[in-house]
Amino acid sequence: MSEMRSLVARFKSCIWKRGGSTMEQHLFVLLCLTAAAASFFVVIPTNYLQHLPAYVNVCVAVFGGLALLLLIESTRERYHTTTLFFMFMALLNLIWFPNGASEGSLPCYFFCLLMYLPIFFRGRARWLPSLLTLVDAVALMVLELLFPEWVTPFHSEQDRIADNMVGFAVTALCCAVMLRTLLRGHETEQNRLVALNEELQRAVVERTAVEGALLQNQELLNSVIDGTTDAVWVKDISGRYLLFNAGACYMTGRRLEQVLGMDDHAVFPPEVALAVMQGDHEVLNGNQALTMERELKKGNGDSLVLEVIKGPLHNNQGEVVGLFGIGRDVTQSRRMAEELRLLNEELERRVLERTARLEAAMREQEAFSYSVSHDLRGPLRHINSYGSILLEEFGPALVPEARGYLERIRTSSKRMGDLIDDLLELSRIGRSELRRVEVSLSELAFGIGCKLQDADPARRVDFLIEPGLKVEGDRLLLELMLENLVGNAWKYSSIRERAMIEFGRRLHDGDEAFFIKDNGVGFDMAYQDKLFGAFQRLHGSEFEGTGIGLATVKRIVERHGGTVWANGVVDQGATVYFTLPRG
């Protein structure tokens, strides 16, 4: 809007001032230069050749000098246009009679004065010099008629003609300078006016478009304000409503015409109105937005809980001129929050009850583990001990079949003891607390391989262990996991004259996975779902084991948040993969 006003002001300035003073200043400089040059280089030499009185040349020389002074002043941004006018008029009066009066060229110079006036004078200031010029010319003519003896005639007709020609040439030159400058200035200003007019038209079009967009935005804003279910209102500084949307009318039970221009006493009961007005004063005095909750009675008697946001309104100067408010019905959300709080309390109570039951179950499990560890181990030790005694003391007397039965009894009791140990270990894995530290799987695998090789030095096994494999986890559990995995690879590759066990890392579906690979008996992939279950064995009694090892591995990996799986081919070996998240 301010740019539009500025453009209109510029347009008016160009119309009424005709381009300002730039053209006039330039013309004034040209006239001073022309007057000085014509005085010294044209008029004075011509007067000298015509044998005019020296008094005339002195006056012309003084005029030329003063014109130079005015020219110098113009270089300092001082333009004495009125001074030049009166200097020229004074010169004409001083040399009128000595220079042949009306018979000479002096009447021509009055045309320069008459043309000079409308260019450099404005309004009423133009008419007085014009009148003065006409009166002066008439007065000189009258004096010449009354006192012809005052006139100094030319020495010859040739001198008179020459003087008239010089006067006409100088006058024509000055008038041409003024006319050319005026025409150029007029053309320049005409172009400027055309450009400004086009710019003004563009500005008008843009302003029309902006006003249309503003009107459309205003309509959209009004649609949004009236369409929202929230209450929206605006008040002036005295608390009278300027805007009250449909949501506010619905919540208060008031019609729009009952509210606009009124204060809170027309909308709420007295005690509520006082509280609302007090909140308004806090917003206006503090000059900041406030959020509060307020309970409101609808027209039908229902209660509403409103979450209200109030804030100050400012004008362009930053002064507070009113306030706005937005009220949202949070009755349902508050009711749901209360119900959620009650549900949380109920959930916490149930969690405590279930935690108590879980702790009791864990205590029962610990008691069972203790019973298994102590009560079952005793009979197994007795069976194993008495079987050993029978073999040692009565072995020679027993038939071979009886000794075979005793050996089976001892083997079965030992296997059952190992099975109990594995079950207890599997149970302990689920209850133990993880102590996460940085663990080098490469070092653990290397140590386990060394132990296995020391226990059976006759076997030829090549261990390929990738260095630098590190994770974060429980060191004891991860070591137990690797003992089972490396132990299985050692066990099931015993059929090879030269076994190979590899431990490394590769990408699987974009994630990092560790693997332990052997070239042993392998397994049928049709039974891979049973591989990690407890007591699930895919091989016969030719390989020792209780069927708990891989179940233990799965329990450890899952406690660390990873996954485990295996691939195998019968008589070509097996590969067990597992993932362990970092950190």
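The values are calculated or read from the model by the stated rules, or taken from the named source; none is laboratory data. Not measured: the values here are computed from a predicted model. Neighbour counts are summed over all protein chains in view; Cβ atoms, including those assigned to glycine, are modelled from backbone coordinates with ideal geometry. Note: accessible area is taken over every heavy atom of the protein model, side chains too, but ligands, DNA and RNA are not part of it. Shrake-Rupley method; radii C 1.70, N 1.55, O 1.52, S 1.80 Å.
One residue alone among M262, M292 is touching a strand residue (DSSP E or B) at 6+ places or on another chain (Cβ under 7 Å), open to solvent by less than 70 Å² (accessible area, probe 1.4 Å) and either without any contact (Cβ under 8 Å) to a residue 60 or more places away in the chain or not in a helix (DSSP H, G or I) (or both), and that residue is M292.
Is it true that Q278 is more than 37 Å from the chain's Cα centre (by Cα) and of a type outside the set (S, T, Y)? So Q278 passes the test.
Candidates T152, T171, T181: the one that is under 30 Å from L30 (Cα atoms) and out of contact with any His (no Cβ under 8 Å at 6 or more places or on another chain) is T171. You will find that of V486, V461, the residue that is over 19 Å from Y577 (Cβ atoms) and in contact with a strand residue (DSSP E or B) (Cβ under 9 Å, 6 or more places away or on another chain) is V461 and no other. Restricting the first member to the stretch 39-58 and to residues that are assigned to a loop (DSSP other than H, G, I, E, B), and the second to residues that are surrounded by fewer than 21 Cβ atoms within 10 Å (Cβ to Cβ), the beta-carbon pairs closer than 6 Å and six or more apart or on different chains are Q50/D159; H51/H155; P53/P98.
When T229 is tested against the conditions (1) among the β-branched types (V, I, T); (2) open to solvent by 60 Å² or more (accessible area, probe 1.4 Å); (3) without any contact (Cβ under 8 Å) to a residue 40 or more places away in the chain, the lone failure is (3). Taking the conditions (1) surrounded by 15 or more Cβ atoms within 10 Å (Cβ to Cβ); (2) charged (D, E, K, R); (3) at pLDDT below 85 in turn, K554 satisfies each one other than (3). Candidates Y241, Y250: the one that is in contact with a helix residue (DSSP H, G or I) (Cβ under 6 Å, 6 or more places away or on another chain) and aromatic (F, W, Y) is Y241. For the stretch 25-40, the criterion of being over 30 Å from T188 (Cα atoms), open to solvent by 50 Å² or more (accessible area, probe 1.4 Å) and modelled with pLDDT of 80 or more is met by at least one residue.
Just to be sure, is L140 modelled with pLDDT of 85 or more, open to solvent by 70 Å² or more (accessible area, probe 1.4 Å) and part of a helix (DSSP H, G or I)?
On the way: modelled with pLDDT of 85 or more: yes; open to solvent by 70 Å² or more (accessible area, probe 1.4 Å): no; part of a helix (DSSP H, G or I): yes.
So L140 fails the test.
Within the stretch 127-137, being open to solvent by less than 60 Å² (accessible area, probe 1.4 Å) and either under 60 Å from the mean Cα position of the chain (by Cα) or not hydroxyl-bearing (S, T, Y) (or both) holds for P129, D136, A137.
Looking at the stretch 549-580 only, could you name the residues that are free of Cβ contacts under 8 Å to residues at least 60 places away in the same chain, of a type outside the set (D, E) and not in a strand (DSSP E or B)?
Going residue by residue through the stretch 549-580, those that are free of Cβ contacts under 8 Å to residues at least 60 places away in the same chain are 554, 558, 561-572.
Narrowing further to those that are of a type outside the set (D, E): 554, 561-570, 572.
K554, G561, G562, T563, V570, Q572 - these are the residues of the stretch 549-580 that are free of Cβ contacts under 8 Å to residues at least 60 places away in the same chain, of a type outside the set (D, E) and not in a strand (DSSP E or B).
Take the conditions (1) among the acidic types (D, E); (2) more than 58 Å from the chain's Cα centre (by Cα); (3) modelled with pLDDT under 85; E497 misses just one of them, which is (3). Of everything in the stretch 173-212 that is surrounded by 13 or more Cβ atoms within 10 Å (Cβ to Cβ) and among the hydroxyl-bearing types (S, T, Y), the residue that is farthest from M23 (Cα to Cα) is T188. Just one residue in the set A289, A273 is in contact with a His (Cβ under 6 Å, 6 or more places away or on another chain) and not polar (S, T, N, Q); that residue is A273. For first residues located in the stretch 500-518 and touching a residue at least 40 places away in the same chain (Cβ under 8 Å), partners that are among the basic types (K, R) and open to solvent by 60 Å² or more (accessible area, probe 1.4 Å) and lie 6+ apart or on another chain with Cβ distances below 6 Å form the pairs F514/R505. For the stretch 283-305, filtered to residues that are of a type in the set (A, V, I, L, M, F, W, C) and at pLDDT 80 or above, the residue that is farthest from R240 (Cα to Cα) is V305. In the stretch 505-549, what residues are of a type in the set (D, E), modelled with pLDDT of 75 or more and either out of contact with any Phe, Trp or Tyr (no Cβ under 8 Å at 6 or more places or on another chain) or loosely packed, with under 14 Cβ neighbours inside 10 Å (or both)? Scanning the stretch 505-549 gives D509, D511, E512, D524. Conditions: (1) at pLDDT 85 or above; (2) under 41 Å from the mean Cα position of the chain (by Cα); (3) over 20 Å from D226 (Cα atoms). F324 meets all but one. Number of the miss? It fails just one condition, (3).
Being over 17 Å from G167 (Cβ atoms), aromatic (F, W, Y) and touching a Leu at 6+ places or on another chain (Cβ under 8 Å) is the requirement here; does F85 meet it? Yes; evaluated as a whole, the condition is true for this residue.
All conditions but one from (1) more than 60 Å from the chain's Cα centre (by Cα); (2) in a helix (DSSP H, G or I); (3) not small (G, A, S) apply to I119; the one that does not is (1).
The residue that is most open to solvent (accessible area, probe 1.4 Å), counting only those in the stretch 92-116 that are under 12 Å from V56 (Cβ atoms) and of a type in the set (F, W, Y), is F97.
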